[in-house]
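Working notes, structure below.
Readers should treat all values here as calculations from the given coordinates under stated rules, not as data from a laboratory. Being a predicted model, the structure only gives us computed values, none of them experimental. Note: ideal-geometry Cβ built from the backbone for every residue, glycine included; neighbour counts use all protein chains shown.
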Amino acid sequence: MVEAKSDPKVREKIDTIYKEVLSRNPGETEFHQAVREVLDCLGPVLTKNPEFLERKIIRRICEPERQIIFRVPWQDDKGEVQINRGFRVQFNSALGPYKGGLRFHPSVYLGIIKFLGFEQIFKNSLTGLPIGGAKGGSDFDPKGKSDDEVMRFCQSFMTELCGHIGSDTDVPAGDIGVGGREIGYMFGQYKRIMKRHESGVLTGKKLNWGGALVRTEATGYGAVFFIDEMLKARKDTIEGKTCLVSGSGNVAIYAIEKLHQLGAKVVACSDSNGVIYDKNGIDLDLVKQLKEVERRRIKEYANHHKHAKYTENGTIWDIPCQIAVPSATQNEISGENALKLVKNGCIAVSEGANMPTTPEGIHVFLESKIAYGPGKAANAGGVATSALEMQQNASRDSWTFEYTERRLAKIMANIHQLCYETAEEYGTPGNYVNGANIAGFIKVARAMVDHGLV
Ligand code: GLU
């Protein structure tokens, strides 16, 4: 690989900064991983722009502007008191108000929220829209909870969070475990405490009270538009390809929908318990019914379609495919999984989830020269459409599905082009990891220089 010039002294400085990040943030392994991936791409950028080093942009970018950690007490249906921990990490506001989702999952701790918030800075920058980077959430597990329990939790969570957010300050949205229902309960509580119907304070709202068409579909659709762009650049198309989409949540469902619309066949999806393989192609109406309406496990798919095969604790990545869209969670593709995918003939990977591929897996994809779209670029359609929702809220307008989907497709094409051209400019053609990290970083870094030492 021909790499753009990177001064060895600059590399040394980057190493020192990384070591500092490790010692200042002990135990936060996912955050370390996300920082490492970005810093590894920045040598040539800092060699070209020494002022970024002089002004300590990297050190500043790795330190969140503000971190809020709070107690979330609530009562379950038995009347028992439960305590969870809530987080909001407002990472960077150089480009606009803080923007990023909330994740409710038992694995959540500061290291996960910080990795997500850090990624969000660069992802949001790539969209070309005026949004800073943030993330939040809780170790609350919505699985198995009643609607009332989820409501009481969301109300308690928002009672603390409401003082820190606002349509020009910080605009949360959904992520794993947070969808329209949770956003609704949180919006209701914000409205009640603040005595303001402030539509722009949250995105991912339902359509009848300020939500935007296409927001639900946006992350999955966007990830597929990104594959479309990567394949077009290689004079290939999605049509007729066999695909794997891991997960079966919001991102996975709409990735499958768009792949099917574009003539591909998705043969497998999954959840944290197991994998469904359907050689006839995944029946998406059934998945939607099971997951969106009944909130059940994907295992049930096999009760409705006897020909489908369910494998408890199986890995989806052993199934032969040409296109893979990891849409479940971080680090779901190991180096071994990546090798298997490539060996089985996979030509394109588009990350619907955040950081779903381990560093070893990324190495395999880059070495094999398949079309590999990292999450920062490939799943930016979700947050980009959130920014379109904010535009509609600010102008008290609502756009049609067709118009909004066209805007989304155009944004994804622009992100692709920016990453593609940046990768070429820095001597690593086809390397979207370099392209995304460098292009995302430069825009934020320039804004930080403009704003002085803040
Ligand atoms: N959680 C999504 C992401 O990872 C969306 C965030 C948003 O819409 O603010 O980008």
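Which FRET efficiency, nearest 0.05, do GLU424 and LEU22 yield, Cβ-Cβ r, R0 35 Å?
With R0 = 35 Å, the Cβ-Cβ based efficiency is 0.60.
To two decimal places, what compactness ratio does the stretch 44-84 give when its Cα radius of gyration is scaled by 2.2 N^0.38 Å?
This ratio for the stretch 44-84 stands at 2.39.
If I stretch the segment between SER395 and ILE69 completely, what's the gain in nm (0.36 nm per residue apart, minus their alpha carbon distance), one decimal?
So the extension gain works out to 114.1 nm.
Using a Förster radius of 30 Å, what is the FRET efficiency between ARG296 and HIS260 based on their Cβ-Cβ separation? Nearest 0.05, please.
So, using R0 = 30 Å, E works out to roughly 0.90.
Among the listed pairs LYS56/LYS443; LYS114/LYS369; LYS19/LYS369, which are separated by more than 24 Å between their Cα atoms?
In this structure, LYS114/LYS369; LYS19/LYS369 lie more than 24 Å apart at Cα.
Mind running the shape call on the stretch 371-454? Use the C-alpha gyration tensor, a ≥ b ≥ c as the square roots of the eigenvalues: rounded below 1.5 for a/c, prolate if a/b tops b/c, oblate otherwise.
Oblate is the answer for the stretch 371-454, as a/c is 1.5 or above yet b/c matches or exceeds a/b.
Show me, bin by bin at 5 Å from 0, the whole-percent P(r) of the stretch 129-192 based on Cα pairs.
3, 15, 30, 26, 15, 6, 2, 1
Through the Karplus equation 6.51 cos²θ - 1.76 cosθ + 1.60, θ set to phi - 60°, convert the phi angles of the stretch 335-344 into ³J(HN,Hα) values in whole Hz; use x for Gly and Pro.
In residue order, the calculated couplings are x, 5, 4, 5, 4, 5, 4, 5, 4, 7 Hz.
Please compute P(r) over all alpha-carbon pairs of the stretch 229-271, binned at 5 Å starting from zero, and give each bin as a whole-number percent.
With 5 Å bins starting at 0, P(r) equals 6, 24, 27, 23, 14, 5, 1.
Any lysines with Cα under 27 Å of the LYS195 Cα? List them, leaving off those in the same chain fewer than 8 positions away.
The reachable lysines, counting only those whose Cα sits under 27 Å from LYS195, are LYS99, LYS135, LYS205, LYS206.
Gap in Å between the Cα centre of the stretch 1-75 and the Cα centre of the stretch 88-145?
Using only Cα atoms to place each centre, the spacing works out to 17 Å.
List the lysines whose Cα lies under 16 Å from the Cα of LYS288, skipping any in the same chain that are fewer than 8 positions away.
Qualifying lysines at Cα under 16 Å: LYS258, LYS299.
Using only helices, what value at 222 nm comes out for the chain when you add -39,500 (n - 2.57) per DSSP H run of length 4 or more and divide by the total residues, to the nearest 500 deg cm²/dmol?
-14500 deg cm²/dmol
Let me make sure I get this right: for the stretch 295-426, a, b and c are the square roots of the gyration tensor eigenvalues over alpha carbons, sorted descending. Under 1.5 in a/c it's rounded, otherwise prolate if a/b > b/c, else oblate. Which is it?
Since a/c reaches 1.5 but b/c is at least a/b, the shape of the stretch 295-426 is classed as oblate.
Beyond 19 Å, what share of the Cα-Cα pairs of the stretch 122-263 is found? Please give it as a whole percent.
60 percent
Need the list of aspartates and glutamates near LYS265 for cross-linking: C-alpha distance under 19 angstrom, and skip anything on the same chain fewer than eight residues off.
GLU217, ASP228, GLU229, ASP236, GLU239, GLU257, ASP278, ASP283, ASP285, ASP318, GLU351
Arrange the peptides 345-358, 305-318 so that the one whose residues have, on average, the most other Cβ atoms within 10 Å appears first.
So the order, starting with the most tightly packed, is 345-358, 305-318.
Taking the inverse of the average 1/r across all pairs of different Cα atoms in the chain, what Kirkwood radius in Å do you get?
22.1 Å
Along each of its three principal axes, how wide is the spread of alpha-carbon positions in the stretch 71-173, in whole angstrom units, largest first?
So the three principal-axis extents are 47, 24, 20 Å.
Please state the shape class of the stretch 412-453: rounded when a/c is under 1.5, otherwise prolate if a/b exceeds b/c and oblate if not, all from the C-alpha gyration tensor.
It is prolate, given that a/c is not under 1.5 and a/b is the larger ratio.
Could you list the residues of the stretch 297-332 with an amide nitrogen less than 14 Å from a label point located 7 Å from the Cα of LYS279 in the Cα-to-C-beta direction?
Within reach of a label on LYS279, which here means backbone N under 14 Å from a point 7 Å along Cα→Cβ, the stretch 297-332 contributes 306-310, 320.
Along the charge dipole of the chain, which of GLY144, VAL449, THR315 sits closest to the positive end, that is, farthest toward it, with unit charges on the beta carbon of Lys, Arg, Asp and Glu (+1, +1, -1, -1)?
Going by the charge dipole, the pick is VAL449.
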